[in-house]
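Readers should treat all values here as calculations from the given coordinates under stated rules, not as data from a laboratory. Every value quoted in this text rests on a predicted model; they were computed, and no experiment measured them. Don't worry about glycine lacking a Cβ; one is built from the backbone with ideal geometry, like all the others, and counts go over all protein chains shown.
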Ligand code: NAD
Ligand code: ADE
């Protein structure tokens, strides 16, 4: 197969894509400020960025910012069901190299990663670490179907890839887990900034962004009434807690399932019922997973569920709700809409899975609101600049977003919201630094 400049669903969809990108711009003032500075200073001049992100209107503004900074950007989808095809078309018309469409299969997904890697990126930006783990599998010669699909595209490039890379960044919790696993085995090949873990990301994007957009996904897919429903949230971490609060805000009775005693206790003291998965599966109407873990809802839980339950996942991969068990237990599988698959059990119960068990906020809605992505993607843009300036001195490890960048993004966001920060007086600063003033 010859190399492609882009691979998307339909270039003719661009009009609607341009309008959506313009709409997102209104809510992304911090990224806009960074774009204006990048346009003058060109901190990413001659840098090739390979990005594996959800292809949305917000991502469009990130890649435009990187290009204003001087970068050449190659973008592929970070999930087979999250691409907004009209946005992809607008980006292609605007001259970007974009690879991905809604509904791609596994082979196509990895071929698209191959096209991004064929650009020999200097910086990688990931959401879930599929780009980075692909590079590592190729380097360490770990064979799999996925690697074979990529090698079909990039040919002999293989190990050469790593030589060009200055550093990378990672957008989500699951991606950071995977990077830490590589790092703990001493295998991480270049420095990667854990954007996910910055305060101005994980305190807002994960709970506030996913909290709202996961429920948006459930509602858009089903138009079900949340009020009065028995909602089971599995995982009460950053994402799950956001979903639980918002489901309660809409009038649901919310139960939390947790394995971590501290997070379970937080949920309990915030007034949620805390139960095991086996107890919760008997009474829930709507189940939403947000654990980053595998098979948290499985055979024995499906067997106990009521007729008509709705199953949705907000975690990164489609592994949290065990689809294989669902299939094996079913006598019939019906596609009700693009977003609802109904599994009919032997005893006639019908369990409805949303978005094929992929992240419901992106598969069945539009992902996080732009105003939240403003912070996450401002961190991404500033992290790319930081890598270019500092890569020679960075360790081959998972590194934190520098505190100054984190605070800058928070400050700019506050300013853009017309909010004022209080300033400490000199006396207050001295007081906090001293130890001899007491009772
Ligand atoms: P987190 O580590 O803060 O929370 C995960 C929670 O799940 C933890 O409290 C953990 O104890 C719990 N957990 C793990 N296994 C469990 C099990 N078997 N049963 C019950 N609870 C269990 O992580 P997070 O930042 O909340 O991210 C969760 C997932 O959401 C990750 O996969 C992340 O990548 C993804 N994510 C998705 C979006 C989105 O747009 N959909 C946005 C951000 C993060
Ligand atoms: N992750 C969650 N929401 C997103 C969005 N709107 N754009 C890109 N990535 C996202």
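The table that follows gives values for the structure above.
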read-out	value
Within region 262-297, considering residues that are part of a loop (DSSP other than H, G, I, E, B) and away from ligand 1 (no atom under 11 Å from the Cβ), the one nearest to residue 350 (Cα to Cα)	285
Test: residue in region 29-46 that is within 16 Å of ligand 2 (Cβ to nearest atom), closer than 23 Å to residue 358 by Cβ and touching a residue at least 40 places away in the same chain (Cβ under 8 Å)	no
Within region 206-261, tally of residues that are closer than 26 Å to residue 377 by Cβ and assigned to a loop (DSSP other than H, G, I, E, B)	2
Positions within region 306-333 being surrounded by 14 or more Cβ atoms within 10 Å (Cβ to Cβ), in contact with a strand residue (DSSP E or B) (Cβ under 6 Å, 6 or more places away or on another chain) and over 14 Å from residue 234 (Cα atoms), in sequence order	309, 326, 329, 330
Pairs with Cβ under 8 Å, 6+ apart, first in region 188-207 and closer than 18 Å to residue 412 by Cβ, second part of a strand (DSSP E or B) and within 14 Å of ligand 1 (Cβ to nearest atom)	195/170
Positions within region 172-205 being assigned to a helix (DSSP H, G or I) and away from ligand 2 (no atom under 16 Å from the Cβ), in sequence order	177, 178, 179, 180, 181, 182, 183, 184, 199
Test: residue in region 178-187 that is in contact with a strand residue (DSSP E or B) (Cβ under 6 Å, 6 or more places away or on another chain) and surrounded by 22 or more Cβ atoms within 10 Å (Cβ to Cβ)	yes
Residue ID - farthest from residue 71 (Cα to Cα), chosen from residues in region 361-401 that are within 16 Å of ligand 2 (Cβ to nearest atom) and in a loop (DSSP other than H, G, I, E, B)	364
Condition check for residue 169: within 16 Å of ligand 2 (Cβ to nearest atom), farther than 24 Å from residue 46 by Cβ and either within 16 Å of the chain's Cα centre (by Cα) or surrounded by fewer than 24 Cβ atoms within 10 Å (Cβ to Cβ) (or both)	no
Of residues in region 346-402 being over 30 Å from residue 187 (Cα atoms) and more than 18 Å from the chain's Cα centre (by Cα), the one nearest to ligand 1 (Cβ to nearest atom)	353
Index of the failed condition, residue 302 passing every other in (1) crowded, with 19+ Cβ neighbours inside 10 Å; (2) without any contact (Cβ under 8 Å) to a residue 60 or more places away in the chain; (3) within 16 Å of ligand 1 (Cβ to nearest atom); (4) within 21 Å of residue 226 (Cβ to Cβ)	(4)
Top-ranked residue in region 217-240 [being surrounded by fewer than 24 Cβ atoms within 10 Å (Cβ to Cβ) and closer than 20 Å to residue 172 by Cα; ranked as nearest to ligand 2 (Cβ to nearest atom)]	238
